[in-house]
Amino acid sequence: MDKKNESLSGLLAGGSAFLIWGLVPIYWKMLSHVPALETIIHRIVWSFVFLLPVILFQGKFKEFINTFKSFKTIKWLFVTTLLVASNWFLFIWAVNNDLILQASLGYYINPLVNVLFGFLFLQERLRKFQIVAVIIAATGVLYLTYQYGSFPYIAIILAVTFGLYGLIRKKLNLNSAVGLAIETLILTIPGLIYLVWLENTGTATFLHADYITDIFLICTALVTALPLLLFNIGVRRLRLATIGFLQYIGPSMMLILAVFVYGEPLSMHQLIAFIFIWTALAVYTVDSIRR
């Protein structure tokens, strides 16, 4: 594949990944009648079922097995499992409770959290404009906290858990499909126990609502794994500056959905806070392009 076609395919793959992530609140809204915990358990179990043949197809099954021989790697994968599961649960809960705006704010902040974590944990030096961007974003969050009298905890927890997840996975240097398969496997056994308990107590939704709900619960695997696989294709074929631009597709789509589709109110204080975040991202992006 020549350079031009490789860049085009990378752009299509990366753009598709972020578009799916941006539109995924629609999917979780379709499952709003299912308790968030039950939804997340189905997401975990079916993701493992989906990823197992994927790693077999990629020829990564040996890497999958060998990973269990490293206690250090498995120990850290337990940590990443808790982080990503917490992030998924909180995001689904936020969507189902009409808090998509806060969720989008969290994913706008995430790139800046990554910069901060790189400085704190990877000894990466912050450039002057990166420091400015982090300060502007922090000002926006503090302004929102002051005006509302409450901390935007959903946005911050989403940004921090996903940032920590990415930081640890970067240090582990595992194949993305292999790592995610192990993470979902770790929670699949307790997840299946929980689903059996729901069935025995007569509170399970799966197989007791309608076939559309059952299909949507099974297909949570695609919603989870497909954009991740597309994202990794994009990362391999595009410059990081391009990926940085594409990253804002997701929270921008969430913002549009929240305000224009689901009618969440966008107050002046929230708009001012978003302007701070957008300004910070503009500074960060321009600095990245210059580099």
Q. Just checking, which of G15, G22, G106 is in a helix (DSSP H, G or I), surrounded by 20 or more Cβ atoms within 10 Å (Cβ to Cβ) and modelled with pLDDT under 90?
A. G106
Q.
Give me the residue from segment 50-71 that is free of Cβ contacts under 8 Å to residues at least 12 places away in the same chain and assigned to a helix (DSSP H, G or I) and, out of that set, surrounded by the most Cβ atoms within 10 Å (Cβ to Cβ).
A. F61
Q | Which listed residue, of L229, L217, is farther than 15 Å from P35 by Cβ, out of contact with any Gly (no Cβ under 7 Å at 6 or more places or on another chain) and assigned to a helix (DSSP H, G or I) | A | L229
Q: Only residues that are farther than 19 Å from W93 by Cα and either aromatic (F, W, Y) or part of a helix (DSSP H, G or I) (or both): list them for segment 140-162, please.
A: G140, V141, L142, Y143, L144, T145, Y146, Q147, Y148
Q | Given (1) in a loop (DSSP other than H, G, I, E, B); (2) buried (at least 20 other Cβ atoms within 10 Å of the Cβ); (3) not aliphatic (A, V, I, L, M), index of the condition T205 fails | A | (2)
Q. If you take the residues in segment 173-194 that are surrounded by fewer than 16 Cβ atoms within 10 Å (Cβ to Cβ) and of a type in the set (A, V, I, L, M), which one is nearest to R236 (Cα to Cα)?
A. I189
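From the list L266, L281, L271, L257, which residue is surrounded by fewer than 16 Cβ atoms within 10 Å (Cβ to Cβ), in contact (Cβ under 8 Å) with a residue 40 or more places away in the chain and under 29 Å from Y27 (Cβ atoms)?
Numbers: L281 fails: surrounded by fewer than 16 Cβ atoms within 10 Å (Cβ to Cβ); L271 fails: in contact (Cβ under 8 Å) with a residue 40 or more places away in the chain; L257 fails: surrounded by fewer than 16 Cβ atoms within 10 Å (Cβ to Cβ).
Testing whether each residue is surrounded by fewer than 16 Cβ atoms within 10 Å (Cβ to Cβ), in contact (Cβ under 8 Å) with a residue 40 or more places away in the chain and under 29 Å from Y27 (Cβ atoms) leaves just L266.
Considering only residues of segment 235-291 that are in a loop (DSSP other than H, G, I, E, B) and charged (D, E, K, R), which is nearest to L99 (Cα to Cα)? Talk me through it step by step, then tell me what you get.
The first filter runs over segment 235-291 and keeps only residues in a loop (DSSP other than H, G, I, E, B), leaving 238-239, 247-248, 262-267, 291.
Of the ones still in play, those that are also charged (D, E, K, R) are 239, 264, 291.
Values: R239: 33, E264: 8, R291: 36 Å.
Here the residue is E264.
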Q) Just one of the numbered conditions (1) of a type in the set (V, I, T); (2) buried (at least 16 other Cβ atoms within 10 Å of the Cβ); (3) closer than 30 Å to F57 by Cβ is not true of V141; which one? A) (3)
Q.
Which residue is surrounded by the fewest Cβ atoms within 10 Å (Cβ to Cβ), if the candidates are limited to segment 236-254 and must be hydrophobic (A, V, I, L, M, F, W, C) and in contact with a Ser or Thr (Cβ under 9 Å, 6 or more places away or on another chain)?
A. L240
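Does I212 count as part of a helix (DSSP H, G or I), aliphatic (A, V, I, L, M) and either free of Cβ contacts under 8 Å to residues at least 12 places away in the same chain or in contact with a Lys or Arg (Cβ under 6 Å, 6 or more places away or on another chain) (or both)?
Details: part of a helix (DSSP H, G or I): yes; aliphatic (A, V, I, L, M): yes; either free of Cβ contacts under 8 Å to residues at least 12 places away in the same chain or in contact with a Lys or Arg (Cβ under 6 Å, 6 or more places away or on another chain) (or both): yes.
Against the criterion (part of a helix (DSSP H, G or I), aliphatic (A, V, I, L, M) and either free of Cβ contacts under 8 Å to residues at least 12 places away in the same chain or in contact with a Lys or Arg (Cβ under 6 Å, 6 or more places away or on another chain) (or both)), I212 qualifies.
The values are calculated or read from the model by the stated rules, or taken from the named source; none is laboratory data. Keep in mind it's a predicted model, so treat the numbers as computed, not measured. Ideal geometry is used to build each Cβ from the backbone, glycine not excepted, and the neighbour counts take in all protein chains shown.
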